[in-house]
Amino acid sequence: MATPRLAFVLGTRPEIIKLSPLVRACLERAIPHVVVHTGQHYSESLDAVFFEQLELPTPTYDLGVGSDDHGEQTATMIRGIESVLEAERPAHVVVQGDTNSALAGAIAASKRDPSLAHVEAGLRSFDREMPEEINRVLVDHAADHCFAPTEESARLLAAEGIDGDRVRVTGNTIVDAVSQHRDLATEKSDVLAEHDLEPGAFYLLTAHRAENVDDPERFAGILEGVGAFATRTDREVVYPIHPRARETLAAFELSVPEPIRLVDPLDFLDFLTLERHARLAVTDSGGVQEEACILGTPCVTVRDSTERPETVDIGANRLVGTEPSAIVAGAEAMVDRPGTWSNPFGDGDAADRILDALL
């Protein structure tokens, strides 16, 4: 095999989804590359199956790191990634987003010869209590190539003193991914029929962030607010619940309002189908904020800050926190909003722009 020009380091579902257009473009353009899966998400049901379903090759390396404290997990990843870089000697290491996998890939690359490319650079929530905020800042400042999804992200990088020669606005690869996977979802997903759902007649909830589901008051507030709005409008809420969130529900002995239906975690194509056909999405996920915006689904974000302010600025999303009354008010304001806003994340050609810049 030829020496890889690119090494992709990933370990979570959002990274798989957002780097999949780059991996596909490498395959189409016959660009030698390797994919290093850290195993940060270690449940087969949560991410390994994505490669098969999204019709991507099995990762070249699977480090199988799994769950641990932040320091132990990141250190184990760095050791594994360094071994791969020593064996493969790629020209560029590509990381995405704000996870411990991205941070580990950035540290390993910055200590060795490859240049470091950060996909989705320049996002800021300005909440330094979030581990992800620290990760994304550190990766941006280590990176040789900061691929910003929007002009606002590029402006934030400039404000932090990052040289403009290192920054390029490419759009967000999530637009590429949604556009590539929408047809796959239509072809492969039966999720609406399986759960007896009518398009436009249900709401979608996701809540998984530690600051929400590990805090009984905040978690209860989300469930109460969403449940109250669903009861008032006589619609069901579908909540694909992460195993960790389900465990904390039991540990806190929280009751789930009747309109909220808990379902097992869904693969990306099923989830994309639900996002596309939901009347409203309520979420604490950055990725869902973007995807709902691209798909024209109104969104309410149950957080105190967001690193996707563009979705709020164009009227696709409302930031409401976790107080039940604020959730109800935000949902009422958003639920009937037509999804006619302009997508702020680009035209679906981000992957090619990134590869052209690197190669």
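Taking the Cβ of residue 321 as the center, what net charge do the other residues with Cβ under 9 Å away carry, scoring Lys and Arg +1 and Asp and Glu -1? Residues near residue 321 contribute 0 overall. Calculation over all alpha carbon pairs of the chain in 10 angstrom steps from 0 returns a P(r) of 5, 25, 35, 25, 9, 1, 0 percent.
In the chain, with Lys and Arg counted as +1 and Asp and Glu as -1 at Cβ, which of these residues, 109, 265, 216, has the Cα nearest the positive end of the dipole, that is, farthest along it? Going by the Cα projections, it comes out as 109.
Mind checking the full-extension length gain between residue 333 and residue 62? Use 0.36 nm per residue of separation minus the Cα-Cα distance, one decimal, nm.
Working: separation 271, 0.36 × 271 = 97.56 nm, distance 4.47 nm.
Once the chain is fully extended between residue 333 and residue 62, it gains 93.1 nm.
Can you give the relative contact order of the chain as a percent, counting alpha carbon pairs under 8 Å and 6+ residues apart? Computed value for the chain: 15 percent relative contact order. Taking the Cα centre of the stretch 191-334 as reference, the dipole from Cβ charges on Lys and Arg (+1) and Asp and Glu (-1) amounts to some 220 debye.
Can you give the local net charge around residue 258? Use residues other than it whose beta-carbon is closer than 15 angstrom to its beta-carbon, Lys and Arg +1, Asp and Glu -1. Please report the intermediate quantities before stating the final value.
On the way: positive: 232, 235, 261; negative: 224, 234, 236.
It works out to a net charge of 0.
Rounded is the label for the stretch 191-334, because a/c, from the alpha-carbon gyration tensor with a ≥ b ≥ c as root eigenvalues, stays below 1.5. Across the stretch 316-325, computed HN-Hα scalar couplings (Karplus, 6.51 cos²θ - 1.76 cosθ + 1.60, θ = phi - 60°) run 8, 8, 10, 8, 10, x, 10, 5, x, 5 Hz from first to last residue, x flagging Gly and Pro.
For the chain, the longest principal axis of the C-alpha atoms and the axis of helix 131-142 are separated by about 30°.
How far is helix 100-110 tilted, in degrees, relative to the longest principal axis of the Cα atoms in the chain, given as a value from 0 to 90 rounded to the nearest 10? Value to nearest ten degrees: 20. Each of the peptides 15-23, 278-286, 328-336 was scored by the mean count of other Cβ atoms within 10 Å over its residues; in descending order, highest first, they stand as 15-23, 278-286, 328-336. Counting every C-alpha pair in the stretch 1-146, the share spaced more than 17 angstrom apart comes to 57%. Within the shell of other residues whose beta carbon sits under 12 angstrom from the beta carbon of residue 222, the net charge comes to -3, with Lys and Arg scored +1 and Asp and Glu -1.
With runs of 4+ DSSP H residues as the only contributors, calculate the mean residue ellipticity of the chain at 222 nm using -39,500 (n - 2.57) per run, divided by the residue total and rounded to the nearest 500. Write out the running numbers ahead of the final one.
Values: 16 runs with 169 residues, N = 359.
It comes out at -14000 deg cm²/dmol, rounded to the nearest 500.
Between helix 173-188 and the chain there is an angle of about 60 degrees, using the helix long axis and the longest principal axis of the Cα atoms. Considered as an equivalent ellipsoid built on the Cα gyration tensor, the stretch 275-324 has semi-axes of 16, 12, 9 Å, the largest given first.
Any read-out appearing in this document is the output of simple, stated calculations on the displayed coordinates, not a laboratory observation. Predicted model only: the values in this text are computed from it and were never measured. Cβ coordinates were reconstructed from backbone atoms using ideal geometry, including for glycine residues, and neighbour counts include every protein chain displayed.
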